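Written out below as structure tokens is the structure these notes cover.
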Amino acid sequence: MRARLHQNWRDIPAEARGCAAALGNFDGVHLGHAHLVHTLQTTRPDLPLAVVTFDPHPREMFRPQDPPFRLTLSDERFAALAALGVQHVFQIHFDEAFSQMTAEHFVEDVLHEALGLRHVACGPDFAFGHRRGGSVPFLAERTAELGIGFTAVPALADASGPYSSTRIRRLLQDGYPERAAEELGRPWFIRGTVQHGDKRGRLLGFPTANIPLGRHLEPARGVYAVTVRLPNGQTRPGVANIGRRPTIDDGQESRLEVNLFDFEGDLYGQTLSVALHRMLRTEKRFGGLDELKAQIGLDAQDARTVLTAELAGK
């Protein structure tokens, strides 16, 4: 069955009711999230598998002044959940009105009445309802009273502690996309629409596709070996810069600029997914455009070497 996305919790079709659902934000859909989903699936294989999540992320509403922090936006998250075998994603619009809903009403009105869930599962830190008034013990008690099955799933952990979105964000901000990929179960990528830039890369001999970071987390600024998924499904290797380009304009807005190796074509207006594989160097200022051009050439060679070695190791 193809996964379905439901964005109006007040109007759920009859065929989507009666699921077993995992609850949470699922930013990144990392290995810890996969563990939660697979545990639920094993516990209730007789029921359709679902996820109840929120968009925007509650933190985006409560702390709008914070820098963007998302690992996955809603479309990316849906695709990753579908890849885990989730059949229904109930994506609840999180706004001011919904944030006022009590934990009691969330369980009774949303999970029980609106979605008709027969079993729910969550991790040990799940909190919900107005001012996070609902806890895991509360959820266990209230679902039992309503005849809904409940499973509290221990967090998946390694020697460094539980897998978490926060931990993965830190790895990316510290410049370790390869370690973030190990915890995500896949390379981390930025997905966005190519916009017109200042054509400076073309003048330097390295034309780039310019993609705004948008609501995505900004990883460590610097140069990366990347692979780029095109709209037709083809994947191409490349090298990318994330930052403010201090040699050229000291711009205050960070951007992603990616050069696809051995590629000719117009990418403006197209949506690309740029997966970060390895950070090659940090952002730095050069003495001039000639020095910058020489360094970009070296960066491209390094990226080819890294990606070739990674491909050979698979």
Quick one: divide the alpha-carbon radius of gyration of segment 91-225 by 2.2 N^0.38 Å and tell me what you get. 1.49
Point-charge dipole on Cβ atoms (K/R +1, D/E -1) for segment 1-133, about Cα centre, debye to 20: 280 debye
Regarding segment 217-314, what are the three Cα extents along the principal axes, ordered largest first, in Å? 37, 31, 28
Where the accessible area of the chain is counted over protein heavy atoms with a 1.4 Å probe, how much of it, in %, is carbon and sulfur? 50 percent
Just name one of T271, A82, L115: the one whose Cα is farthest towards the positive end of the charge dipole of the chain (beta-carbon charges, Lys/Arg +1, Asp/Glu -1). T271
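What length, rounded to one decimal in nm, is gained on full extension from A309 through to A155, with 0.36 nm per residue of separation minus their alpha-carbon distance?
52.1 nm
How high is the relative contact order of the chain? Use alpha-carbon pairs under 8 Å, at least six apart in sequence, and give a whole percent.
Relative contact order here is 17 percent.
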With every protein chain present, what is the per residue accessible area of the chain (1.4 Å probe, Å²)? 49 Å²
In Å, what is the Rg of the alpha-carbon atoms in the chain, and how long is Dmax? 21.8, 71
Within the chain, what's the longest stretch lacking chymotrypsin sites (Phe, Trp or Tyr not before Pro) that sit in DSSP loops with no more than 16 other Cβ atoms inside 10 Å? 1-260
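Please pull out the direction-averaged projected area of segment 73-142, using the convex hull of its alpha-carbon atoms, in nm² to one decimal place.
That works out to 5.3 nm², a quarter of the Cα hull's surface.
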To the nearest whole percent, what portion of all C-alpha pairs in segment 1-124 is separated by more than 21 angstrom? 36 percent
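Counting helices only, and only those DSSP H runs with n ≥ 4, report the 222 nm mean residue ellipticity of the chain as the sum of -39,500 (n - 2.57) divided by its residues, in deg cm²/dmol to the nearest 500.
Per the formula, -8000 deg cm²/dmol.
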Between segment 211-231 and segment 284-314, the Cα center-to-center distance that results, in Å: 16 Å
Over the heavy atoms of I296, what accessible area does a 1.4 Å probe trace out, to the nearest 10 Å²? 40 Å²
Take the Cα pairs of segment 1-55, get the Kirkwood Rh, then feed it into Stokes-Einstein at 4 °C and 1.567 mPa s and tell me D in µm²/s. 106 µm²/s
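The values are calculated or read from the model by the stated rules, or taken from the named source; none is laboratory data. These figures come from a predicted structure and were not determined experimentally. Positions of Cβ are generated from backbone atoms using ideal geometry, with glycine treated the same way; all protein chains shown enter the neighbour counts. Keep in mind that these areas ignore ligands, DNA and RNA; they rest on the heavy atoms of the full protein, side chains included. Shrake-Rupley method; radii C 1.70, N 1.55, O 1.52, S 1.80 Å.
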